[in-house]
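Data first, discussion second: the structure below is written as structure tokens.
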Amino acid sequence: MRHHLQAWARLLLAAGALPLHLAAQSPGPPPDPRYKVDILLIVAHPDDESVVSGYLARAILDQHKRVGVIYGTRGDGGGNEAGPEQAAALGAVREIEARKANAALGIDLVWFLDGKDTPSQDVLQSLETWHHGASLEQTVRLVRLTRPAIIMTWLPQFVIGENHGDHQAAGVLATEAFDLAANPTAYPSQVTPARNRTSIANLTEGLTVWQPQKLYFFSDRDDWTPFRTAGPRYSVTDVSPATGAPYYRTQAASLANHLTQGEGGRLAAQAIKTGDYTAYLKAQEAFAGTADVQLILGKALSDGPETGDVFQGVTERPAAWRPLAAGGEGPAPTLSLGGPWGFYRAFARAHGIERAGGLIPEELGVNPAVTVRLPLVVRNAGGEATFRLSVALPAGWTEQSGSGSYVVAAQGSIDLQLRLTAPASAGPAADLVVSLADRSRTIGTVRLKVRALGTMPL
């Protein structure tokens, strides 16, 4: 057999069909440097970048860092204070606004996923309408294409504040992509070289696996003080050595393009026109409690203090892939919050971000007088039993249904809902306590900090 193969090879060489240099072929080209970034910002809507643009101006102008942005949606479900366009037409307008806003910061790499703008506060609803799996695949693809050292995104947590479900969904996708982009078994067709790179209609993508080095969050919580020591804080009033002007001027030049979204863009445009930024800065402070940029360190594969500079400890060489640890439920609780709160408990364990996820208590902010459904999970580790669920409500809150006795099968679990109505007027935060008891004792308790706010933006 060997003799026949050698003869066949000699015949092919003689015919010129097998080049002599076959055993020493050169590798394919390296990744395209035009799309390499230092920071990849992953957010939900056009104008979300304005929350951290005061820092991005610093990184771009004075640290000469390159930034790319991924938007989960085109903002087609938002309002429009600049014209009549709504729905898909508004999404087209807001995409243009976003590209102009990023250009004002010096950002030319901007991508939009195909998520639908979903005005709710439940991350699970947003992940559903975004088609979670497809959006995650797109996000991992773009991380591998841009190869960032840093990923920045919304805090994946349920908070009192604007708490947009799409913001949370962007944080979920970014965190998942941070952990998956270096895994060669995640979307393997993305990291498989094309069979014939110089031809057309290839079905594998030729990207490389990539592990970012740091993951930073930011939040739309109305009280940012728990995050004060959880990451670096950057003042927008600092003066850029490159421009000789404070960073808020570059921030305003970017935000002024988002005129469909009302006050922020309008005040930015007015400040640029008049040279008086007083009203603009006050509006920024009113929205987030500070005009400065407060970041939260979610994960770091390099050494350095939590409050150190974003690029402290970052190296030129890509980080090594660290497979995820098993993130199971752990010991089954007898009573726990379900819905987004239950999701985030499991999510933080699975992705190793318990530190960032534990900075604030589980909480809920709602409009006055609305009725909300509070999801609960009862797990029974023993034989079939009857349990009684009760709730102690803060002043002004009322229960519509949910308390009572429930039979839970042996080694089983049930999902319950408390229907509660918030006070008729805004008030301070207070603890809502739900208890589970058997015939003789209380065997499970959960606390949720609740607050009736002024009119919420959603």
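The values are calculated or read from the model by the stated rules, or taken from the named source; none is laboratory data. The structure displayed is predicted, hence computed values, not measured ones. Positions of Cβ are generated from backbone atoms using ideal geometry, with glycine treated the same way; all protein chains shown enter the neighbour counts.
What number of residues within segment 389-404 satisfy the criterion of being part of a loop (DSSP other than H, G, I, E, B), loosely packed, with under 12 Cβ neighbours inside 10 Å and under 34 Å from the mean Cα position of the chain (by Cα)? Talk me through it step by step, then tell me what you get.
Step one: of segment 389-404, the residues part of a loop (DSSP other than H, G, I, E, B) are 393-397, 402-403.
Retained after the next criterion (residues that are loosely packed, with under 12 Cβ neighbours inside 10 Å): 395.
Filter again for under 34 Å from the mean Cα position of the chain (by Cα), leaving none.
Final tally of qualifying residues: 0.
Out of segment 212-236, which residues are hydrophobic (A, V, I, L, M, F, W, C) and either outside any loop (DSSP other than H, G, I, E, B) or outside the structural domain of residue 121 (by TED's automatic domain parsing) (or both)?
Listed by number, the residues that qualify are 215, 217, 218, 227.
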For segment 408-441, name all the residues that are among the polar types (S, T, N, Q) and either at pLDDT 95 or above or over 29 Å from the mean Cα position of the chain (by Cα) (or both).
411, 413, 421, 425, 435, 440
Residues in segment 171-185 that are surrounded by fewer than 24 Cβ atoms within 10 Å (Cβ to Cβ) and assigned to a helix (DSSP H, G or I): how many?
3
I'm checking my understanding of the structure. Among residues of segment 258-313 that are over 22 Å from the mean Cα position of the chain (by Cα) and among the acidic types (Asp, Glu), which one is surrounded by the fewest Cβ atoms within 10 Å (Cβ to Cβ)?
303
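Any residue that is crowded, with 24+ Cβ neighbours inside 10 Å and either at pLDDT 95 or above or more than 16 Å from residue 73 (Cα to Cα) (or both) - is there at least one of those in segment 128-135? It would help to see each step written out before you state the result.
If we filter segment 128-135 for residues that are crowded, with 24+ Cβ neighbours inside 10 Å, which is where we start, we get 130, 135.
With either at pLDDT 95 or above or more than 16 Å from residue 73 (Cα to Cα) (or both) added as a condition, the list becomes 130, 135.
The answer is yes; a qualifying residue exists.
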Hey, among 233, 195, which residue is basic (Lys, Arg) and modelled with pLDDT under 95?
195
Condition check: assigned by TED's automatic domain parsing to the domain that holds residue 52, in a loop (DSSP other than H, G, I, E, B), modelled with pLDDT of 95 or more and under 17 Å from residue 343 (Cβ atoms). Does residue 153 satisfy that?
no
Tell me, please, whether a residue that is in the same structural domain as residue 58 (by TED's automatic domain parsing), more than 16 Å from the chain's Cα centre (by Cα) and of a type in the set (Lys, Arg) can be found in segment 98-114.
yes
Please find, among 372, 407, 450, the residue that is β-branched (Val, Ile, Thr), loosely packed, with under 12 Cβ neighbours inside 10 Å and part of a strand (DSSP E or B).
407
Residue that is surrounded by the fewest Cβ atoms within 10 Å (Cβ to Cβ) [pool: residues in segment 314-342 that are at pLDDT below 80 and either in contact with a strand residue (DSSP E or B) (Cβ under 8 Å, 6 or more places away or on another chain) or not in a loop (DSSP other than H, G, I, E, B) (or both)]:
332
